Every structure is written in structure tokens, then in C-alpha cells.
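Each remark here refers to the structure printed beneath this line.
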Amino acid sequence: MAATPTPPIMFRIPRPKNQSEAKREQIRDQVFPNSAQDIYDRKVHNGFSSIPRTLGLMLTLIEHLAPKGKNPSRVYSELWFRTYDDKLIEVKDEEEFAYASGLSVRRWRERIDVLADLGFIRVAATGNRRYGYILLRNPNNVVREMKQQPDSPIPNEWWTAYTKRCVEIGYAVGQP
């Protein structure tokens, strides 16, 4: 009987640091000596999620647009913290999601509905669970769609800060 060949071991070759990364790391080490052991490095530690660098501004906009008393920014943050690269979140335990967001299940559901109404997420049922799956839409696309509306709800001062941030991070945001 022939032995089953062992599959080759695949190693991920880390990409070299670009000049900007190396400079920031050098500054960090000068300002905070030995800090490399004191940070959460996604290349070393498990349990990370990629988030858009405009997320802070998105949370500000969501808070501005939400009905009074129904700010869903903590719920939105928690969704981002739970997602993988496919941006699909399976909701197996609403109580767990609500607790992590600092809310009761009823209030968590209200905030989910606000996020869906604003267009930042899509929700699909599974079985008898109304909130079975949640899809995180690209928030930059959501903002672009809102800005294109004739009666855009986006405040001008927010839009100015947002477009400035996009330029800083190299995100091409076409003027609607």
C-alpha cells in the first residue's frame, strides 16, 4: 500500500514594511520604548478584523442621523468587531450581541432596524429568527448614495471632514 503524500507546508512570506510603516514604527519605539510587546499586532495575534479607517466618522454620522434616543453606533461597532472579510455575520445569540453592545435584546433589535433603515446593513431571516444574518455594506458606498440624494441628510461639515479623511488615507471618493 502506497503512502499518502504529505501536503507541502505553506508559509506566508511577510511583505516588507513600506517606508511609512517603518517610520511610524521607529517613532513609536522612540516615544514608547519596548512598546512592540505591548501592542495588539494583527500579524501575530488571532482575533482581529479589518475595519475602514473612516469608521470613526461613520459612527458620528450614524449618531447624527439616528432617531433621538436610538443611537446605534455601539451596535454598528460591535458588528464590525465580529465580522470576517466576507462581512457576513450570523446571529446565533441575540442576547450575546445585545450584551456586548450594552443593550437589552429589544433595544438591540431597534438599533439593528435603524442601521438597516439608514442602509448601513442588510438583514435576512433564517428559520424563525428575524435577525439571522447581517451583511455589513461598505459604509463609503452608503455615504455616497446618501450624498447623491436631492435632499441629502449628510451635514456639509461632516462631508468636508469625511472627504479630507479620504484624501489622507488614499481612498478615492468621487464627488457625487
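The values are calculated or read from the model by the stated rules, or taken from the named source; none is laboratory data. Since the model is a prediction, treat every value here as computed from it, not as a measurement. As a convention, Cβ positions derive from the backbone with ideal geometry for all residues, glycine included, and neighbour counts pool all protein chains shown. Heavy atoms of the whole protein, side chains included, go into the accessibility calculation; ligands, DNA and RNA do not. Shrake-Rupley method; radii C 1.70, N 1.55, O 1.52, S 1.80 Å.
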Exercise. Residues of the range 93-146 being of a type in the set (K, R) and open to solvent by less than 50 Å² (accessible area, probe 1.4 Å), which ones?
Worked result: R111
For this session: Say whether the condition of being without any contact (Cβ under 8 Å) to a residue 60 or more places away in the chain, under 18 Å from I51 (Cβ atoms) and out of contact with any strand residue (DSSP E or B) (no Cβ under 8 Å at 6 or more places or on another chain) is met by at least one residue in the range 147-167.
Result: no
Exercise. So how many residues does the range 23-46 have that are open to solvent by 70 Å² or more (accessible area, probe 1.4 Å), more than 28 Å from K164 (Cα to Cα) and of a type in the set (A, V, I, L, M, F, W, C)?
Worked result: 2
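So which strands (runs of 3 or more DSSP E) are wholly in the range 48-156 and hold at least 2 residues that are in contact with a Phe, Trp or Tyr (Cβ under 7 Å, 6 or more places away or on another chain) and on the phi < 0 side of the Ramachandran plot?
88-90, 121-126
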Problem set entry | Flag if S49 is open to solvent by less than 50 Å² (accessible area, probe 1.4 Å), within 27 Å of E168 (Cα to Cα) and without any contact (Cβ under 8 Å) to a residue 24 or more places away in the chain | no
Exercise. Looking at W80, is it more than 16 Å from the chain's Cα centre (by Cα) and open to solvent by less than 60 Å² (accessible area, probe 1.4 Å)?
Worked result: no
Exercise. Is one or more of the residues making up the range 55-75 among the small types (G, A, S), open to solvent by less than 20 Å² (accessible area, probe 1.4 Å) and within 12 Å of the chain's Cα centre (by Cα)?
Worked result: yes
